[in-house]
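Next up is a structure, given as structure tokens.
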Amino acid sequence: MGRNLAGSQIWNLNLAAPSCSIDTYSSGNPDPLPHAVDTWISTALHCHAPSAPPPTTSVLSAVMLRSTYTPLSSSFLLSFLRTLLPLSSKATHCESLSVPSPMDLDPPDPTHAATPTIPPSAPPTLSTMTQPAHVPSSSSHQIIPTTSATPCRNLNPQNNAPASQAIITPPPQMDPSLMQALEALQVSTRDTPAGTSREQEEALETDFNLPIKIPENQGSPRPLTIHQVSRDLRQTWGERYAAISAIAANSGLFLATFHNGPDMMHIVRRQPWTVQRQNILLELHTPNRDLNSYTFQYLYANVRVYGLAFEFRTPQIINAILHRIGLPSDLDEQLELHIQRDECYAQVRAKLRVHLPAVDRMTVQVTPTMEHTVYFHYERISRICTFCGYYFHNNTDCPPRIARIMNGENVVDPLGRWMTRLSYMPWNDIYRQVRVIIPRLIQPSSVLSNLRAQHAAIAGHT
């Protein structure tokens with residue numbers, strides 16, 4: 001039976017041999033067909049015609065034929081590829097590696113009489129390319145006659161070169177026809193680790209679980225698959241989580257399972273996380289809790305407050321800012337090191353309410369007579385709309401903005417793009433506020449004043 005694989009010609013395998021027949025077999029003896037195919041693959045991998053490229057598609061066809069009788073493991077495919085890749089750099093030659101005749105791929109009828117199997121030391125011969133195809137009838141399997149084949153001769157000059165001469169062989173290149181055939185077969189050389197099947201992950205029972213909500217992206221409403229979610233989280237979370245399972249993939253609901261509590265809380269505290277450039281929402285799982293009670297309304301994130309000078313980064317002002325953009329994080333402490341980290345900004349940890357619009361700036365009363373405008377940048381937040389201020393979509397995908405444009409209105413986004421992109425930050429205003437000479441609001445201590453006066457008196461006498 002002829003086949004066509006990736007647009008390349010298939011070499012028909014002749015399995016006839018003096019001690020081989022495929023027309024019958026018994027249940028007590030192994031099927032001679034797989035062994036004959038294996039022997040032909042081994043022969044073809046070590047010799048090919050001098051004027052033709054290596055028979056990669058032919059060998060691949062034989063592998064396909066072999067897989068119809070016995071499933072091929074990923075380790076066999078990996079060994080097959082490693083052997084096949086160097087073919088393009090070989091200089092071997094088989095004078096009469098001919099195309100075998102087509103054969104009936106139907107499994108042999110077990111009711112027929114048994115015939116001897118192929119001994120391991122007797123490789124099958126190959127028929128000539130000009131031999132007419134012989135198609136056996138559907139009622140019985142006939143032994144395919146063959147002609148004698150000239151043994152392969154190794155013409156590789158490396159084998160005959162003196163030991164003192166070094167012959168450099170260029171690195172092997174993948175045959176384009178083989179690449180096309182492998183893509184058509186979707187063959188992968190990566191073995192699947194044991195214990196990572198989707199069924200095993202879903203059956204994993206632990207007390208450490210996080211329900212995950214992936215908000216819908218207005219620009220790409222197609223729901224994410226479990227494979228996309230698992231792949232992205234494996235890259236960011238590493239080995240900290242045990243499994244990702246789908247609760248309702250079409251609704252963006254998944255479940256992350258962990259082996260222990262510290263790994264789970266590490267993921268909770270290090271928010272936000274992204275999957276396919278979309279931030280995800282996490283909640284702690286509680287046994288016997290109804291699924292509808294998970295609201296997914298909070299997202300923990302670092303927020304940079306730009307334009308606030310060092311002197312005004314007091315706990316009272318920082319707390320007022322946090323309540324304006326959301327809530328202070330109840331999982332983390334506001335560290336002085338982070339607040340005083342940089343001249344231009346103070347980094348705070350916020351608990352953002354994603355059902356409310358984000359804030360791009362606010363005015364802070366730093367003294368009874370002075371106000372500062374501070375600007376907010378939300379770290380690792382992928383999308384905030386500069387028109388409506390809501391999370392998880394851009395202004396180009398905002399339905400109210402699109403509706404106004406369709407009505408012919410002139411639309412101007414009221415919010416700043418610096419919320420997610422620092423390059424749009426109004427740096428001139430920030431530098432003017434943080435570098436201004438500010439008079440001291442607190443008088444120095446009496447000890448310091450006394451020492452300064454003494455130093456001034458001593459310097460006046462000298």
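Over region 361-431, what is the relative contact order in percent, taking alpha-carbon pairs closer than 8 angstrom and at least six residues apart?
Details: 83 pairs, mean separation 18.5, N = 71.
Relative contact order of region 361-431: 26 percent.
Net charge within 15 Å of E343 by Cβ-Cβ distance, Lys/Arg positive one each and Asp/Glu negative one each, not counting E343 itself? Let's see the in-between values first.
Working: positive: R304, R313, R341, R432, R435; negative: E311, D342, D429.
Net charge in that neighbourhood comes out at +2.
Under the rule of at least 5 residues apart or a separate chain, name every residue whose amide H is placed under 5 Å from the amide H of Y300.
L352
A further question follows. Given labels modelled 7 Å from the Cα in the Cβ direction, how far is it in nm from D207 to T314?
Going by the 7 Å Cα→Cβ label model, 4.6 nm.
Under 5 Å between amide H atoms, partner at least 5 residues away or on a different chain: which partners does H285 have, H built in plane at 1.01 Å?
Here the answer is N209, since their amide H atoms fall under 5 Å of that of H285.
Note down the net charge around A246, summing +1 for each Lys or Arg and -1 for each Asp or Glu among other residues with Cβ under 11 Å from its Cβ. Don't skip to the end; give the middle numbers.
Numbers: positive: R198; negative: E201, E202.
Result for the neighbourhood of A246: -1.
Report the local net charge at N395: Lys and Arg +1, Asp and Glu -1, summed over other residues whose C-beta lies under 14 Å from its C-beta.
On the way: positive: R383, R401, R404, R417, R421; negative: D360, D397, D413.
Taking every other residue near N395 into account, the sum is +2.
Okay, moving on. Given a cut-off of 16 Å, what percent of all Cα-Cα pairs of region 253-308 lie beyond it?
Details: 845 of 1540 pairs.
In whole percent, the long-distance tail amounts to 55.
Provide L448, L224 in ascending order of the number of other Cβ atoms located within 10 Å of each residue's Cβ, fewest first. Mind dumping the intermediate values first?
Values: L448 10, L224 21.
Taking fewest neighbouring Cβ atoms as first place, the list is L448, L224.
Read-outs: derived from the displayed coordinates by stated rules, not from any lab. Keep in mind it's a predicted model, so treat the numbers as computed, not measured. Ideal geometry is used to build each Cβ from the backbone, glycine not excepted, and the neighbour counts take in all protein chains shown.
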